[in-house]
Number of protein chains: 2
Amino acid sequence: MASSVSTPRLRRSAPGGETVEHDSRFDRRLTEILACATDVFYEKGYAAASVRDLSRATGMSLAGLYHYFDSKEKLLYLIQKQTFSTILERLRERLEGVTDPEQRVRIFIHNHLEYFLANKKAMKVFSHEADVLTGEAGSQVRAIKREYYRACIALVEDLGRAKGLEWGPAEVRIAVLSLFGMVNWIYTWHNPRTDADAGALSTQMADMFLQGILKRKKRTHKTTQS
Amino acid sequence: MASSVSTPRLRRSAPGGETVEHDSRFDRRLTEILACATDVFYEKGYAAASVRDLSRATGMSLAGLYHYFDSKEKLLYLIQKQTFSTILERLRERLEGVTDPEQRVRIFIHNHLEYFLANKKAMKVFSHEADVLTGEAGSQVRAIKREYYRACIALVEDLGRAKGLEWGPAEVRIAVLSLFGMVNWIYTWHNPRTDADAGALSTQMADMFLQGILKRKKRTHKTTQS
DNA sequence: GCCATATTCGAACGAACGTTCGAATTGTAT
DNA sequence: ATACAATTCGAACGTTCGTTCGAATATGGC
């Protein structure tokens with residue numbers, strides 16, 4: 001349970017705890033490789049990126065890389081898990097102590113955008129290669145994602161309750177998924193030199209989203225649409 | 001200029017116009033193959049899908065497929081170009097004669113969602129493999145995309161003018177790109193059996209979007225955000 | 001210095017990739 | 001039936017893929 005990201009291929013580490021320096025060394029190098037791999041996956045996409053591309057990007061030999069991970073798929077898993085665990089963890093920290101429902105939704109959006117723009121490449125790799133992973137690794141990543149989704153659903157439901165609005169589950173679902181679309185789509189267009197930063201962006205998007213769901217037109221729930 | 005999708009590999013067709021039946025036959029088969037390829041690209045992603053997967057899906061031999069296209073990349077080009085040309089064409093038809101700015105924005109959203117849900121796989125392939133194509137083919141596809149983006153920008157600007165609202169270019173840009181995010185993200189979550197159809201979805205999303213941009217809070221244009 | 005351990009590497013493995021080619025087969029008009 | 005073009009195919013091309021292995025090199029405690 002020492003470091004979050006390492007999963008040494010062999011040996012559960014020596015009985016004593018004396019290899020701390022070595023484990024940390026291993027972890028530091030692995031982190032470097034993960035950062036490099038994130039870049040490469042971002043540029044070429046996971047499937048099209050080869051381990052030889054990684055070798056070129058890191059300056060390490062092909063075989064040398066495999067000292068740090070079992071397979072290319074495991075590498076994607078490590079990136080995705082670390083990325084999304086972090087954003088969820090930060091969200092929890094920032095929500096702590098804040099009780100106003102509207103402010104809590106704003107915090108969600110701000111947290112997401114800030115992390116998204118600061119880790120644009122990792123977040124693209126996460127979003128874009130969402131269902132590549134299979135088996136246990138895929139289940140774990142999907143579980144974190146579902147947790148994040150549920151957290152946002154809860155925030156919006158709380159807001160609706162506080163404002164005395166009657167939203168059905170379907171309406172909340174669509175509103176939240178629309179919000180996810182808004183914020184996740186950013187990696188396709190955001191240019192850090194010309195576009196606003198996370199603060200301004202999250203303010204505008206939060207205004208838009210909140211006005212959109214709070215001042216919504218009353219409609220019959222029948223789906224009558226010309 | 002006969003049929004929209006065919007680009008025979010060789011021979012510009014015989015001098016006379018007597019091979020009409022044959023060309024149509026060729027085109028019908030190619031359309032089948034494009035549909036199959038769309039499915040396969042949708043399931044596995046363009047890079048991870050092999051021509052052998054296509055061979056399996058179509059029931060045609062590996063070499064036989066190459067009678068219909070030059071390369072795997074050209075196949076992606078044909079899918080993307082046809083898909084997005086159609087959605088743009090339909091948008092133009094539907095906007096014709098409608099003058100109310102708000103209604104025109106609603107038509108944009110409805111058109112997009114309807115086509116998106118009816119051709120979910122093709123649209124995912126379009127969205128997901130947006131910048132795979134290079135060279136001439138890539139330029140063409142990007143040009144159509146830019147045209148579509150500009151059309152939406154114009155619709156929103158018209159709406160703002162009609163309502164007497166003072167939106168800067170940056171605000172319009174972010175609003176439109178947020179809208180694109182909302183509607184394009186759908187392929188990641190929409191389940192036709194449990195989620196609403198295009199009509200109901202576009203109504204809810206249009207309500208949300210329009211309320212969001214029309215009833216927006218006044219803010220100073222400085223990016224002051226805690 | 002020495003030893004055990006951790007790290008790195010060159011070289012190679014079999015498999016799968018996109019694509020090609022010449023022959024076999026089908027379809028159509030005479 | 002014959003002839004000609006359109007279509008389909010089996011087999012193979014050279015390349016690149018993810019991964020492995022055993023040997024070499026660096027590292028740090030004695």
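Numbers below:
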{"quantity": "Residue list for the range B:34-78, filter: surrounded by 18 or more Cβ atoms within 10 Å (Cβ to Cβ), within 13 Å of DNA strand D (Cβ to nearest atom) and of a type in the set (S, T, N, Q)", "calculated": "B:THR58"}
{"quantity": "Given (1) within 12 Å of chain A (Cβ to nearest Cβ); (2) under 20 Å from A:VAL183 (Cα atoms), number of the condition B:ILE153 does not satisfy", "calculated": "(1)"}
{"quantity": "Qualifying residue in the range A:147-165 (condition: at pLDDT 95 or above, crowded, with 16+ Cβ neighbours inside 10 Å, within 19 Å of B:ILE213 (Cβ to Cβ) and of a type outside the set (A, V, I, L, M, F, W, C))", "calculated": "no"}
{"quantity": "Given (1) of a type in the set (Asp, Glu); (2) more than 7 Å from chain A (Cβ to nearest Cβ); (3) within 24 Å of the chain's Cα centre (by Cα), index of the condition B:ASP197 fails", "calculated": "(2)"}
{"quantity": "Any chance A:ILE186 is within 14 Å of chain B (Cβ to nearest Cβ), over 17 Å from the mean Cα position of the chain (by Cα) and part of a helix (DSSP H, G or I)", "calculated": "no"}
{"quantity": "Test: residue in the range A:120-137 that is within 13 Å of chain B (Cβ to nearest Cβ), within 11 Å of the chain's Cα centre (by Cα) and either over 22 Å from B:PHE180 (Cβ atoms) or free of Cβ contacts under 8 Å to residues at least 40 places away in the same chain (or both)", "calculated": "yes"}
{"quantity": "Selection count, the range B:123-144, where residues are more than 17 Å from B:LEU88 (Cβ to Cβ) and polar (S, T, N, Q)", "calculated": "1"}
{"quantity": "Filtered residues of the range A:30-75 (kept if within 13 Å of DNA strand C (Cβ to nearest atom) and acidic (Asp, Glu))", "calculated": "A:GLU32"}
{"quantity": "Meets criteria (part of a helix (DSSP H, G or I), polar (S, T, N, Q), free of Cβ contacts under 8 Å to residues at least 40 places away in the same chain and surrounded by 13 or more Cβ atoms within 10 Å (Cβ to Cβ)) for A:SER202", "calculated": "no"}
{"quantity": "Boolean, B:ALA57 is among the small types (Gly, Ala, Ser), under 21 Å from B:SER127 (Cα atoms), within 24 Å of the chain's Cα centre (by Cα) and not assigned by TED's automatic domain parsing to the domain that holds B:LYS120", "calculated": "no"}
{"quantity": "Residue in the range B:98-113 that is surrounded by fewer than 18 Cβ atoms within 10 Å (Cβ to Cβ), of a type in the set (S, T, N, Q) and over 25 Å from A:PHE41 (Cα atoms) present", "calculated": "yes"}
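The values are calculated or read from the model by the stated rules, or taken from the named source; none is laboratory data. Quick caveat, the model's predicted, so the values are computed rather than measured. Positions of Cβ are generated from backbone atoms using ideal geometry, with glycine treated the same way; all protein chains shown enter the neighbour counts.
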